Amino acid sequence: SLAELGLPAELAGAVEARDGLVLVCGQTGSGKSTTAIALLDHLVRTRAAHVVTLEDPIERRLPSRLASVHQREIGTHTPDFATGLRAALREAPDVIFVGELRDPETIATALTAADTGHLVLGTLHCAGVVGAIDRIVDAFPEHQQRQARGQLAAVLRAVLTQQLVARRTGGRIAAVEYVPINAAVAHLIRKGEGHHIANHVQTGRDAGMVSFERSLARLVRSGAITAAVARTRALDLEVFEAALRAG
């Protein structure tokens, strides 16, 4: 569960939307697939919905609690993500999980699905909300990028980015940046001014946003990681120190 992984409770809000696109981002080996499955686990326990997953490979069987769940494995049930996603749309799903948005066709189809009344949860290999926006938009030919940016601004609901940090007692735990997309952030995406989003993340606590520095500070205060380790991973050391003092 999200709690067992030590993730902020705010993340559950990412899968409470009825439609749109939710992105879980990080580098290879950052645990993003594990977090995405934890989000789906929360969803199937709390919402009556038809959920279709596309995974490579299936790492964990999701229980059919309130939701009806059909898990498909790439290479076994469908040849690739794009083909599986097109097939999933014919099964009247409420929620679709795409294990990796790795090619332009899959990205374009996922945006269309999110724009037509489905909640699409996908993982993306990138660092940060700005990188995620650029990765999505750059998947389109240059003459379509303005339209793609507008479509993304309309459907994007949240971006979660994570890194794994060494635990005080051994092992690793995820530090996250969580950006629910409000009207101000959507406007920046539409205008191509993603570089301003970081300011909203640092000041958007009341909007449910969690900066990477605040996440590190929480982990230090809970005793999960040491302050020394957190300082080596903070993107902005001054912001981290302020978050640590603020409590």
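Annotations for the structure displayed:
Every residue, every condition in (1) at pLDDT below 95; (2) part of a helix (DSSP H, G or I), yes or no:
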residue	(1), (2)
A14	yes, yes
C25	no, no
R65	yes, no
A88	no, yes
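Conditions tested, residue by residue: (1) open to solvent by 50 Å² or more (accessible area, probe 1.4 Å); (2) on the phi < 0 side of the Ramachandran plot; (3) not small (G, A, S).
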| residue | (1), (2), (3) |
| --- | --- |
| G20 | no, no, no |
| L39 | no, yes, yes |
| L54 | no, yes, yes |
| A67 | no, yes, no |
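- Against the test of being in contact (Cβ under 8 Å) with a residue 40 or more places away in the chain and either under 22 Å from L43 (Cβ atoms) or surrounded by fewer than 20 Cβ atoms within 10 Å (Cβ to Cβ) (or both), the options D115, D138, D103 yield a single qualifying residue, D115.
- Residue under evaluation T109, criteria (1) on the phi < 0 side of the Ramachandran plot; (2) assigned to a loop (DSSP other than H, G, I, E, B), criterion not met: (2)
- Between V159, V95, V155, V120, the distinction of being touching a residue at least 60 places away in the same chain (Cβ under 8 Å), closer than 18 Å to T28 by Cα and of a type in the set (A, V, I, L, M, F, W, C) belongs to V159 only.
- Residue list for the stretch 1-11, filter: surrounded by 17 or more Cβ atoms within 10 Å (Cβ to Cβ) and either within 12 Å of the chain's Cα centre (by Cα) or without any contact (Cβ under 8 Å) to a residue 24 or more places away in the chain (or both): L11
- The lone criterion from (1) open to solvent by 30 Å² or more (accessible area, probe 1.4 Å); (2) assigned to a strand (DSSP E or B) left unmet by H187 is number (2).
- Flag if A92 is open to solvent by 10 Å² or more (accessible area, probe 1.4 Å), of a type in the set (A, V, I, L, M) and over 24 Å from A139 (Cβ atoms): yes
- Test: residue in the stretch 224-233 that is open to solvent by less than 30 Å² (accessible area, probe 1.4 Å) and touching a Cys at 6+ places or on another chain (Cβ under 8 Å): no
The values are calculated or read from the model by the stated rules, or taken from the named source; none is laboratory data. Fair warning: this is a prediction, and the values are worked out from it, not measured in the lab. Cβ sites come from the backbone with ideal geometry, for glycine too, and all protein chains shown count toward neighbours. Heads up: the accessible areas ignore ligands, DNA and RNA and are worked out on the full protein's heavy atoms, side chains in. Shrake-Rupley method; radii C 1.70, N 1.55, O 1.52, S 1.80 Å.
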